1. Mind ranking 188-194, 127-133 by how tightly packed they are, going by the mean number of other C-beta atoms within 10 angstrom, highest first?
2. With a 1.4 Å probe and all protein chains kept in place, how much accessible area does T457 have, in Å² rounded to the nearest 10?
3. Mind ranking 348-356, 253-261, 217-225 by how tightly packed they are, going by the mean number of other C-beta atoms within 10 angstrom, highest first?
4. Would you calculate the separation in nanometres between label points at D394 and D112, each defined as 7 Å from the Cα along the Cα-to-beta-carbon direction?
5. Restricting to the stretch 76-192, compute how many DSSP beta bridges are antiparallel as a %, nearest 5.
6. Can you pick out the pairs among K326/K467; K70/K164; K39/K143; K284/K450; K88/K126 whose Cα atoms lie more than 21 Å from each other?
7. Using the beta-carbon distance between V365 and T272 and R0 = 60 Å, what value does 1/(1 + (r/R0)^6) give for FRET efficiency, to the nearest 0.05?
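The values are calculated or read from the model by the stated rules, or taken from the named source; none is laboratory data. Just so it is clear, the model here is predicted, and its values are computed rather than measured. Every residue, glycine as well, gets a Cβ built from its backbone with ideal geometry; the counts of neighbours run over all protein chains shown. The protein model used for the area step is the full one, side chains on, heavy atoms only, and it has no ligands, DNA or RNA in it. Shrake-Rupley method; radii C 1.70, N 1.55, O 1.52, S 1.80 Å.
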Amino acid sequence: MISKASSFFIAGLLAFSFQLGFSAFSAAPVFAQDRSNHKIEYLSLSIGIFRDKEVSLAPKKPKLGGTFRKVTNVSYDSNKKVLRFEPKKAGVGTLIVQHPNTGQILYEYRIDVRKTNLFTIAREIKDLLGEIEGIHIRILNNKVIVDGQILLPRDMGRIHSVVKQYGDVAATLVTLSPLAQRKIAQLIERDINNPEVHVRAVNGKFILEGAVDSQALKDQAEIIAKTYAPDVVVDEAVADKKVINVRSDIVINLIDVRPPPPEGPKKIVKLTVHYVELQRDYTKGFRIQWTPDIGDGSSVTFTSGGRNPGGVVAELTGTIANLLPKLNWAKQHGHARVLQTTQVVVEDGNKGTINSTTRVPYQTVSAQGQPSTNFETTGIQAGITPQVLGARSDSVKLNIQFSVKALVGAMNGQPMVSERSLQTILVVRSGRSAAVGGLVSSSNTTNYNKLPENAPTNPLISLYASKDFVRNQSQFVVFVTPTIITSASNGAEQIKRKFRLRN
(Lines give C-alpha, C1' and ligand atoms only; values in the text may rest on other atoms or scores of the structure.)
Protein backbone atom coordinates (compact mmCIF):
# COMPACT_ATOMS: atom_id res chain seq x y z
CA MET A 1 0.00 0.00 0.00
CA ILE A 2 1.41 3.31 -1.10
CA SER A 3 1.59 6.06 1.46
CA LYS A 4 0.37 9.55 0.90
CA ALA A 5 3.89 10.92 0.71
CA SER A 6 4.80 8.42 -1.95
CA SER A 7 1.75 9.39 -3.92
CA PHE A 8 2.80 13.02 -3.94
CA PHE A 9 6.33 12.05 -5.04
CA ILE A 10 5.08 9.94 -7.94
CA ALA A 11 2.65 12.64 -9.05
CA GLY A 12 5.44 15.24 -9.06
CA LEU A 13 7.74 12.94 -10.94
CA LEU A 14 5.13 12.33 -13.62
CA ALA A 15 4.44 16.04 -13.90
CA PHE A 16 8.18 16.76 -14.27
CA SER A 17 8.55 14.03 -16.86
CA PHE A 18 5.58 15.36 -18.83
CA GLN A 19 6.97 18.88 -18.68
CA LEU A 20 10.43 17.71 -19.75
CA GLY A 21 8.99 15.73 -22.62
CA PHE A 22 6.91 18.67 -23.74
CA SER A 23 9.96 20.96 -23.61
CA ALA A 24 12.01 18.48 -25.62
CA PHE A 25 9.25 18.20 -28.18
CA SER A 26 9.03 22.01 -28.46
CA ALA A 27 12.85 22.39 -28.93
CA ALA A 28 13.09 20.04 -31.89
CA PRO A 29 10.16 20.64 -34.24
CA VAL A 30 9.92 18.85 -37.64
CA PHE A 31 9.08 20.94 -40.72
CA ALA A 32 8.18 19.89 -44.28
CA GLN A 33 10.53 21.09 -47.01
CA ASP A 34 8.94 23.57 -49.39
CA ARG A 35 10.78 23.60 -52.73
CA SER A 36 8.39 25.83 -54.69
CA ASN A 37 10.06 29.24 -54.20
CA HIS A 38 13.81 28.65 -54.54
CA LYS A 39 16.35 27.87 -57.23
CA ILE A 40 18.80 25.03 -57.37
CA GLU A 41 22.37 26.11 -58.05
CA TYR A 42 25.16 23.81 -59.10
CA LEU A 43 28.66 24.39 -57.70
CA SER A 44 31.84 22.92 -59.09
CA LEU A 45 34.61 23.02 -56.44
CA SER A 46 38.23 21.93 -56.33
CA ILE A 47 40.01 20.44 -53.35
CA GLY A 48 42.12 22.97 -51.46
CA ILE A 49 40.43 26.01 -52.98
CA PHE A 50 37.71 27.74 -50.99
CA ARG A 51 34.77 29.50 -52.56
CA ASP A 52 32.36 32.11 -51.23
CA LYS A 53 28.66 32.43 -52.07
CA GLU A 54 26.47 35.34 -51.04
CA VAL A 55 23.13 34.43 -49.38
CA SER A 56 21.37 37.75 -48.87
CA LEU A 57 18.04 36.11 -47.86
CA ALA A 58 19.51 33.97 -45.06
CA PRO A 59 18.73 34.89 -41.42
CA LYS A 60 21.32 35.33 -38.69
CA LYS A 61 21.38 31.64 -37.80
CA PRO A 62 20.09 29.61 -40.75
CA LYS A 63 19.60 25.90 -40.64
CA LEU A 64 22.04 23.97 -42.86
CA GLY A 65 21.03 20.53 -44.04
CA GLY A 66 21.99 18.00 -46.65
CA THR A 67 24.87 15.62 -47.41
CA PHE A 68 27.53 18.25 -47.90
CA ARG A 69 29.56 17.39 -44.78
CA LYS A 70 31.25 14.38 -46.37
CA VAL A 71 32.80 16.42 -49.19
CA THR A 72 33.19 20.00 -47.87
CA ASN A 73 33.12 22.18 -44.81
CA VAL A 74 30.69 25.09 -44.78
CA SER A 75 30.90 28.17 -42.55
CA TYR A 76 28.54 31.12 -42.37
CA ASP A 77 29.42 34.78 -41.78
CA SER A 78 26.26 36.40 -40.45
CA ASN A 79 27.60 39.94 -40.83
CA LYS A 80 28.45 39.59 -44.55
CA LYS A 81 25.83 36.91 -45.19
CA VAL A 82 28.35 34.80 -47.03
CA LEU A 83 28.74 31.01 -47.10
CA ARG A 84 32.31 29.76 -47.44
CA PHE A 85 32.88 26.30 -48.94
CA GLU A 86 36.16 24.56 -48.12
CA PRO A 87 36.31 21.30 -50.15
CA LYS A 88 38.07 18.36 -48.45
CA LYS A 89 37.17 15.26 -50.46
CA ALA A 90 36.18 14.48 -54.01
CA GLY A 91 32.54 13.60 -54.44
CA VAL A 92 29.04 15.05 -54.64
CA GLY A 93 26.64 16.38 -52.04
CA THR A 94 23.82 18.79 -51.38
CA LEU A 95 23.37 21.81 -49.13
CA ILE A 96 19.94 23.12 -48.11
CA VAL A 97 19.69 26.50 -46.38
CA GLN A 98 16.42 26.83 -44.39
CA HIS A 99 14.79 29.38 -42.18
CA PRO A 100 15.08 28.12 -38.55
CA ASN A 101 11.52 29.03 -37.57
CA THR A 102 9.37 28.43 -40.65
CA GLY A 103 11.47 25.74 -42.29
CA GLN A 104 11.29 27.53 -45.68
CA ILE A 105 14.04 26.47 -48.05
CA LEU A 106 15.95 29.60 -49.04
CA TYR A 107 18.85 28.14 -51.07
CA GLU A 108 19.74 24.72 -52.40
CA TYR A 109 23.18 23.81 -53.81
CA ARG A 110 24.25 20.70 -55.68
CA ILE A 111 27.97 20.36 -54.96
CA ASP A 112 30.54 18.60 -57.13
CA VAL A 113 34.06 18.46 -55.63
CA ARG A 114 36.86 17.53 -58.01
CA LYS A 115 40.58 16.89 -57.68
CA THR A 116 41.38 19.47 -60.39
CA ASN A 117 44.56 21.44 -59.71
CA LEU A 118 43.89 25.09 -60.57
CA PHE A 119 47.57 25.91 -60.31
CA THR A 120 48.26 23.61 -63.24
CA ILE A 121 45.53 25.27 -65.29
CA ALA A 122 46.85 28.73 -64.42
CA ARG A 123 50.35 27.69 -65.52
CA GLU A 124 49.05 26.31 -68.84
CA ILE A 125 47.07 29.48 -69.57
CA LYS A 126 50.11 31.59 -68.74
CA ASP A 127 52.23 29.59 -71.19
CA LEU A 128 49.65 30.08 -73.96
CA LEU A 129 49.11 33.80 -73.32
CA GLY A 130 52.58 34.79 -72.16
CA GLU A 131 53.28 36.92 -75.27
CA ILE A 132 50.32 39.22 -74.63
CA GLU A 133 51.22 42.28 -72.59
CA GLY A 134 48.97 43.81 -69.93
CA ILE A 135 47.21 40.69 -68.57
CA HIS A 136 47.39 38.99 -65.16
CA ILE A 137 46.45 35.37 -64.34
CA ARG A 138 45.18 34.65 -60.81
CA ILE A 139 43.18 32.03 -58.92
CA LEU A 140 40.10 33.54 -57.26
CA ASN A 141 36.88 31.99 -56.00
CA ASN A 142 37.78 28.50 -57.25
CA LYS A 143 38.52 29.80 -60.77
CA VAL A 144 41.48 30.85 -62.88
CA ILE A 145 40.84 34.50 -63.75
CA VAL A 146 42.58 36.29 -66.66
CA ASP A 147 42.38 40.03 -65.98
CA GLY A 148 43.97 43.21 -67.30
CA GLN A 149 43.93 45.61 -70.27
CA ILE A 150 45.38 44.89 -73.70
CA LEU A 151 46.49 47.18 -76.51
CA LEU A 152 45.54 45.14 -79.58
CA PRO A 153 41.94 44.01 -80.19
CA ARG A 154 43.11 40.90 -82.06
CA ASP A 155 44.63 39.60 -78.80
CA MET A 156 41.13 39.45 -77.32
CA GLY A 157 40.20 36.65 -79.71
CA ARG A 158 43.22 34.58 -78.66
CA ILE A 159 42.45 35.06 -74.96
CA HIS A 160 38.84 34.00 -75.45
CA SER A 161 39.84 30.88 -77.41
CA VAL A 162 42.32 29.77 -74.71
CA VAL A 163 40.02 30.37 -71.73
CA LYS A 164 37.08 28.67 -73.44
CA GLN A 165 38.96 25.35 -73.53
CA TYR A 166 38.89 25.06 -69.69
CA GLY A 167 35.14 25.47 -69.26
CA ASP A 168 33.86 26.74 -65.88
CA VAL A 169 37.21 26.66 -64.11
CA ALA A 170 38.57 29.63 -66.10
CA ALA A 171 37.14 33.05 -66.97
CA THR A 172 38.36 36.27 -68.59
CA LEU A 173 37.85 39.86 -67.46
CA VAL A 174 40.23 41.39 -70.01
CA THR A 175 39.24 44.73 -71.57
CA LEU A 176 40.70 46.98 -74.24
CA SER A 177 42.99 49.64 -72.81
CA PRO A 178 41.98 53.30 -73.28
CA LEU A 179 45.63 53.95 -74.09
CA ALA A 180 45.25 51.83 -77.22
CA GLN A 181 42.25 53.91 -78.29
CA ARG A 182 44.21 57.14 -77.92
CA LYS A 183 47.16 55.68 -79.82
CA ILE A 184 44.91 54.66 -82.72
CA ALA A 185 43.38 58.16 -82.71
CA GLN A 186 46.87 59.65 -83.06
CA LEU A 187 47.64 57.36 -86.00
CA ILE A 188 44.39 58.33 -87.73
CA GLU A 189 45.11 62.05 -87.27
CA ARG A 190 48.64 61.63 -88.60
CA ASP A 191 47.46 59.77 -91.71
CA ILE A 192 44.76 62.34 -92.49
CA ASN A 193 47.60 64.92 -92.48
CA ASN A 194 45.40 67.97 -92.14
CA PRO A 195 46.28 70.42 -89.34
CA GLU A 196 42.64 71.49 -89.11
CA VAL A 197 41.29 67.95 -88.47
CA HIS A 198 41.55 66.37 -85.01
CA VAL A 199 40.61 62.87 -83.79
CA ARG A 200 39.44 61.95 -80.27
CA ALA A 201 38.82 58.50 -78.76
CA VAL A 202 35.77 58.43 -76.49
CA ASN A 203 34.16 55.25 -75.11
CA GLY A 204 35.51 53.08 -77.90
CA LYS A 205 34.44 55.57 -80.60
CA PHE A 206 36.56 57.83 -82.78
CA ILE A 207 35.26 61.38 -83.23
CA LEU A 208 36.52 63.44 -86.19
CA GLU A 209 36.38 67.19 -85.63
CA GLY A 210 37.54 70.24 -87.53
CA ALA A 211 36.83 71.95 -90.85
CA VAL A 212 37.85 71.23 -94.44
CA ASP A 213 37.33 72.97 -97.76
CA SER A 214 35.30 70.30 -99.59
CA GLN A 215 33.04 67.31 -99.09
CA ALA A 216 35.62 65.10 -100.78
CA LEU A 217 38.18 65.85 -98.04
CA LYS A 218 35.57 65.09 -95.36
CA ASP A 219 34.74 61.72 -96.93
CA GLN A 220 38.43 60.91 -97.34
CA ALA A 221 39.09 61.53 -93.62
CA GLU A 222 36.22 59.19 -92.67
CA ILE A 223 37.50 56.42 -94.95
CA ILE A 224 40.98 56.66 -93.39
CA ALA A 225 39.51 56.51 -89.87
CA LYS A 226 37.43 53.41 -90.71
CA THR A 227 40.56 51.73 -92.06
CA TYR A 228 42.32 52.14 -88.70
CA ALA A 229 39.24 51.32 -86.57
CA PRO A 230 39.87 48.11 -84.54
CA ASP A 231 37.59 45.11 -84.40
CA VAL A 232 34.64 45.34 -82.03
CA VAL A 233 35.07 43.31 -78.82
CA VAL A 234 31.73 42.08 -77.47
CA ASP A 235 31.56 42.07 -73.68
CA GLU A 236 30.12 39.00 -71.94
CA ALA A 237 27.47 41.11 -70.24
CA VAL A 238 26.40 42.40 -73.65
CA ALA A 239 26.40 38.87 -75.07
CA ASP A 240 24.22 37.66 -72.17
CA LYS A 241 21.90 40.66 -72.72
CA LYS A 242 22.61 41.97 -69.23
CA VAL A 243 23.78 45.24 -70.74
CA ILE A 244 22.38 46.80 -73.93
CA ASN A 245 24.79 48.95 -75.92
CA VAL A 246 23.53 51.98 -77.78
CA ARG A 247 24.10 51.32 -81.46
CA SER A 248 26.30 53.86 -83.17
CA ASP A 249 29.08 53.89 -85.73
CA ILE A 250 32.59 53.40 -84.44
CA VAL A 251 33.66 56.48 -86.48
CA ILE A 252 31.63 59.64 -85.88
CA ASN A 253 32.34 62.29 -88.51
CA LEU A 254 31.72 65.81 -87.14
CA ILE A 255 33.94 67.61 -89.67
CA ASP A 256 32.43 70.80 -91.08
CA VAL A 257 32.73 71.78 -94.73
CA ARG A 258 33.58 75.44 -95.13
CA PRO A 259 31.63 77.38 -97.75
CA PRO A 260 33.72 78.17 -100.82
CA PRO A 261 35.43 81.56 -100.76
CA PRO A 262 34.20 84.24 -103.13
CA GLU A 263 35.57 83.71 -106.58
CA GLY A 264 38.54 85.95 -107.25
CA PRO A 265 39.79 87.25 -110.57
CA LYS A 266 40.51 84.53 -113.07
CA LYS A 267 43.94 83.89 -114.42
CA ILE A 268 44.88 85.35 -117.77
CA VAL A 269 46.38 83.24 -120.53
CA LYS A 270 48.23 84.62 -123.53
CA LEU A 271 47.86 82.37 -126.57
CA THR A 272 50.45 82.57 -129.32
CA VAL A 273 49.70 80.71 -132.56
CA HIS A 274 52.37 80.16 -135.23
CA TYR A 275 51.22 78.99 -138.64
CA VAL A 276 54.02 77.78 -140.92
CA GLU A 277 53.39 76.63 -144.52
CA LEU A 278 55.93 75.61 -147.16
CA GLN A 279 54.94 75.25 -150.82
CA ARG A 280 56.97 73.93 -153.74
CA ASP A 281 55.85 73.60 -157.37
CA TYR A 282 57.71 72.44 -160.48
CA THR A 283 56.48 72.60 -164.07
CA LYS A 284 58.18 71.22 -167.16
CA GLY A 285 56.69 70.90 -170.67
CA PHE A 286 57.49 70.91 -174.35
CA ARG A 287 55.36 70.99 -177.53
CA ILE A 288 56.11 70.60 -181.26
CA GLN A 289 53.30 71.65 -183.60
CA TRP A 290 53.06 71.59 -187.43
CA THR A 291 49.45 71.68 -188.47
CA PRO A 292 49.12 73.78 -191.66
CA ASP A 293 45.59 74.44 -192.89
CA ILE A 294 44.08 76.34 -195.84
CA GLY A 295 41.65 79.12 -195.46
CA ASP A 296 39.16 79.36 -198.43
CA GLY A 297 39.01 82.91 -199.99
CA SER A 298 37.05 82.30 -203.35
CA SER A 299 34.68 85.05 -204.60
CA VAL A 300 32.53 86.06 -207.66
CA THR A 301 32.47 89.73 -208.87
CA PHE A 302 29.98 91.34 -211.34
CA THR A 303 31.23 94.43 -213.39
CA SER A 304 29.54 96.77 -215.92
CA GLY A 305 30.03 100.27 -217.46
CA GLY A 306 33.19 102.25 -217.75
CA ARG A 307 35.88 101.56 -220.18
CA ASN A 308 36.09 97.94 -219.29
CA PRO A 309 33.67 95.52 -220.63
CA GLY A 310 31.11 94.22 -218.21
CA GLY A 311 30.80 90.62 -217.14
CA VAL A 312 31.33 88.09 -214.39
CA VAL A 313 34.79 87.81 -212.81
CA ALA A 314 35.64 84.84 -210.53
CA GLU A 315 38.54 84.89 -208.11
CA LEU A 316 39.95 81.83 -206.37
CA THR A 317 42.22 82.59 -203.42
CA GLY A 318 43.43 80.57 -200.37
CA THR A 319 45.46 81.18 -197.23
CA ILE A 320 47.80 78.64 -195.70
CA ALA A 321 48.11 79.09 -191.90
CA ASN A 322 50.51 77.41 -189.40
CA LEU A 323 52.84 76.56 -192.25
CA LEU A 324 55.96 76.77 -190.15
CA PRO A 325 56.56 74.20 -187.36
CA LYS A 326 56.36 75.53 -183.77
CA LEU A 327 58.48 74.33 -180.86
CA ASN A 328 57.63 75.47 -177.33
CA TRP A 329 59.60 74.48 -174.22
CA ALA A 330 59.08 75.76 -170.68
CA LYS A 331 60.46 74.94 -167.24
CA GLN A 332 59.80 76.81 -163.99
CA HIS A 333 60.27 76.39 -160.22
CA GLY A 334 58.26 77.99 -157.46
CA HIS A 335 59.03 78.22 -153.70
CA ALA A 336 56.84 79.92 -151.18
CA ARG A 337 56.98 80.00 -147.40
CA VAL A 338 54.23 81.57 -145.38
CA LEU A 339 54.80 82.35 -141.71
CA GLN A 340 52.07 83.99 -139.72
CA THR A 341 51.98 84.64 -135.98
CA THR A 342 48.95 85.76 -134.02
CA GLN A 343 48.41 86.40 -130.32
CA VAL A 344 45.35 86.77 -128.17
CA VAL A 345 44.94 87.32 -124.41
CA VAL A 346 41.95 85.62 -122.81
CA GLU A 347 40.64 84.82 -119.31
CA ASP A 348 40.83 81.29 -117.95
CA GLY A 349 37.87 79.23 -119.21
CA ASN A 350 36.80 81.68 -121.93
CA LYS A 351 37.17 81.14 -125.65
CA GLY A 352 39.67 83.16 -127.64
CA THR A 353 39.05 83.65 -131.37
CA ILE A 354 41.73 84.47 -133.93
CA ASN A 355 40.69 85.37 -137.49
CA SER A 356 43.08 86.49 -140.23
CA THR A 357 41.10 86.27 -143.47
CA THR A 358 40.80 87.82 -146.94
CA ARG A 359 37.61 88.07 -148.97
CA VAL A 360 38.15 87.26 -152.66
CA PRO A 361 35.44 88.68 -154.99
CA TYR A 362 34.14 86.91 -158.11
CA GLN A 363 31.34 87.50 -160.62
CA THR A 364 28.29 85.30 -160.99
CA VAL A 365 25.19 85.52 -163.23
CA SER A 366 21.76 84.72 -161.91
CA ALA A 367 19.11 82.69 -163.71
CA GLN A 368 17.54 85.92 -164.95
CA GLY A 369 20.84 87.01 -166.45
CA GLN A 370 21.62 89.60 -163.79
CA PRO A 371 25.31 89.79 -162.79
CA SER A 372 26.27 89.85 -159.10
CA THR A 373 29.43 89.82 -157.00
CA ASN A 374 30.11 87.14 -154.42
CA PHE A 375 33.02 86.68 -152.04
CA GLU A 376 35.07 83.67 -150.97
CA THR A 377 36.78 83.93 -147.59
CA THR A 378 40.37 82.72 -147.36
CA GLY A 379 42.85 82.81 -144.47
CA ILE A 380 43.17 81.50 -140.94
CA GLN A 381 40.36 81.02 -138.40
CA ALA A 382 41.13 79.64 -134.92
CA GLY A 383 39.14 79.24 -131.71
CA ILE A 384 41.05 78.23 -128.53
CA THR A 385 39.61 77.76 -125.02
CA PRO A 386 42.29 77.58 -122.28
CA GLN A 387 41.70 76.09 -118.83
CA VAL A 388 44.33 76.27 -116.09
CA LEU A 389 44.57 72.94 -114.22
CA GLY A 390 44.53 73.97 -110.56
CA ALA A 391 45.40 77.09 -108.63
CA ARG A 392 49.05 76.08 -108.22
CA SER A 393 49.48 74.31 -111.55
CA ASP A 394 51.30 75.74 -114.56
CA SER A 395 49.63 73.35 -117.01
CA VAL A 396 46.95 74.60 -119.39
CA LYS A 397 44.30 72.44 -121.05
CA LEU A 398 43.59 73.69 -124.58
CA ASN A 399 40.47 73.02 -126.64
CA ILE A 400 41.55 73.96 -130.17
CA GLN A 401 39.55 74.42 -133.37
CA PHE A 402 41.65 75.50 -136.35
CA SER A 403 40.94 75.95 -140.08
CA VAL A 404 42.88 77.35 -143.04
CA LYS A 405 41.52 78.27 -146.46
CA ALA A 406 43.86 79.14 -149.36
CA LEU A 407 43.18 80.27 -152.94
CA VAL A 408 44.79 77.83 -155.34
CA GLY A 409 43.39 78.98 -158.70
CA ALA A 410 40.27 79.70 -160.73
CA MET A 411 38.04 77.71 -163.05
CA ASN A 412 35.38 79.26 -165.28
CA GLY A 413 35.72 82.47 -163.36
CA GLN A 414 35.12 80.78 -160.00
CA PRO A 415 37.85 80.72 -157.33
CA MET A 416 39.29 77.36 -156.28
CA VAL A 417 39.93 77.13 -152.51
CA SER A 418 41.73 74.45 -150.50
CA GLU A 419 40.70 74.05 -146.86
CA ARG A 420 42.52 72.40 -143.96
CA SER A 421 41.08 72.08 -140.42
CA LEU A 422 41.85 70.37 -137.14
CA GLN A 423 40.16 69.98 -133.77
CA THR A 424 41.93 68.61 -130.68
CA ILE A 425 42.27 68.80 -126.90
CA LEU A 426 45.67 68.69 -125.19
CA VAL A 427 47.55 69.86 -122.11
CA VAL A 428 50.61 72.13 -122.46
CA ARG A 429 52.74 73.69 -119.73
CA SER A 430 52.87 77.45 -119.52
CA GLY A 431 55.53 78.92 -121.79
CA ARG A 432 56.02 75.69 -123.74
CA SER A 433 55.08 75.22 -127.41
CA ALA A 434 53.30 72.25 -128.92
CA ALA A 435 52.82 71.27 -132.56
CA VAL A 436 49.12 70.59 -132.51
CA GLY A 437 48.71 69.50 -136.12
CA GLY A 438 50.20 69.38 -139.59
CA LEU A 439 49.58 68.27 -143.14
CA VAL A 440 51.91 67.17 -145.92
CA SER A 441 50.49 66.94 -149.45
CA SER A 442 52.11 66.04 -152.77
CA SER A 443 50.61 65.83 -156.27
CA ASN A 444 52.10 64.95 -159.69
CA THR A 445 50.37 65.57 -163.05
CA THR A 446 51.58 64.46 -166.50
CA ASN A 447 49.80 65.23 -169.81
CA TYR A 448 50.75 63.70 -173.21
CA ASN A 449 49.75 65.14 -176.65
CA LYS A 450 47.02 67.28 -175.25
CA LEU A 451 45.81 69.75 -177.90
CA PRO A 452 45.68 73.38 -176.84
CA GLU A 453 42.43 75.31 -176.99
CA ASN A 454 43.42 77.26 -180.19
CA ALA A 455 44.54 74.24 -182.21
CA PRO A 456 43.11 74.06 -185.79
CA THR A 457 40.28 71.63 -186.27
CA ASN A 458 40.86 70.77 -189.98
CA PRO A 459 44.61 70.79 -190.73
CA LEU A 460 46.10 69.57 -194.02
CA ILE A 461 48.87 67.83 -192.17
CA SER A 462 48.86 67.13 -188.44
CA LEU A 463 52.17 66.77 -186.68
CA TYR A 464 51.66 67.45 -182.93
CA ALA A 465 53.49 66.13 -179.86
CA SER A 466 53.57 67.52 -176.32
CA LYS A 467 54.31 66.56 -172.75
CA ASP A 468 53.54 68.50 -169.56
CA PHE A 469 54.75 67.53 -166.09
CA VAL A 470 53.56 69.38 -162.98
CA ARG A 471 54.53 68.61 -159.34
CA ASN A 472 53.05 70.42 -156.33
CA GLN A 473 54.19 69.86 -152.73
CA SER A 474 53.02 71.63 -149.60
CA GLN A 475 53.17 71.18 -145.88
CA PHE A 476 51.94 73.21 -142.94
CA VAL A 477 52.29 72.97 -139.15
CA VAL A 478 50.43 74.81 -136.39
CA PHE A 479 52.25 75.64 -133.13
CA VAL A 480 50.42 76.88 -130.01
CA THR A 481 52.16 78.44 -126.99
CA PRO A 482 50.04 79.23 -123.89
CA THR A 483 51.54 81.55 -121.26
CA ILE A 484 49.94 82.26 -117.88
CA ILE A 485 50.35 85.94 -117.03
CA THR A 486 49.30 87.93 -113.98
CA SER A 487 47.99 90.92 -115.88
CA ALA A 488 46.99 91.77 -119.42
CA SER A 489 49.39 94.73 -119.33
CA ASN A 490 52.44 92.45 -119.11
CA GLY A 491 54.71 93.04 -122.06
CA ALA A 492 53.45 96.55 -122.74
CA GLU A 493 56.80 98.13 -121.81
CA GLN A 494 58.62 95.81 -124.20
CA ILE A 495 56.30 96.79 -127.05
CA LYS A 496 56.81 100.47 -126.28
CA ARG A 497 60.57 100.09 -126.42
CA LYS A 498 60.33 98.11 -129.67
CA PHE A 499 58.28 100.77 -131.43
CA ARG A 500 59.88 103.64 -129.52
CA LEU A 501 56.60 104.81 -128.07
CA ARG A 502 56.36 107.34 -125.28
CA ASN A 503 53.59 108.01 -122.80
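1. Working: 188-194: 17.0, 127-133: 12.9.
So the order, starting with the most tightly packed, is 188-194, 127-133.
2. Roll a 1.4 Å probe over it and T457 shows about 140 Å².
3. Numbers: 348-356: 13.6, 253-261: 11.3, 217-225: 17.7.
In decreasing order of mean packing, 348-356, 253-261, 217-225 become 217-225, 348-356, 253-261.
4. With each label placed 7 Å out from Cα toward Cβ, I get 8.3 nm.
5. On the way: 16 of 21 bridges.
Percentage antiparallel, nearest 5: 75.
6. Numbers: K326/K467 14 Å; K70/K164 31 Å; K39/K143 23 Å; K284/K450 14 Å; K88/K126 27 Å.
Too far apart for the 21 Å limit: K70/K164; K39/K143; K88/K126.
7. Numbers: r = 45 Å, r/R0 = 0.74.
For V365 and T272, the calculated efficiency is 0.85.
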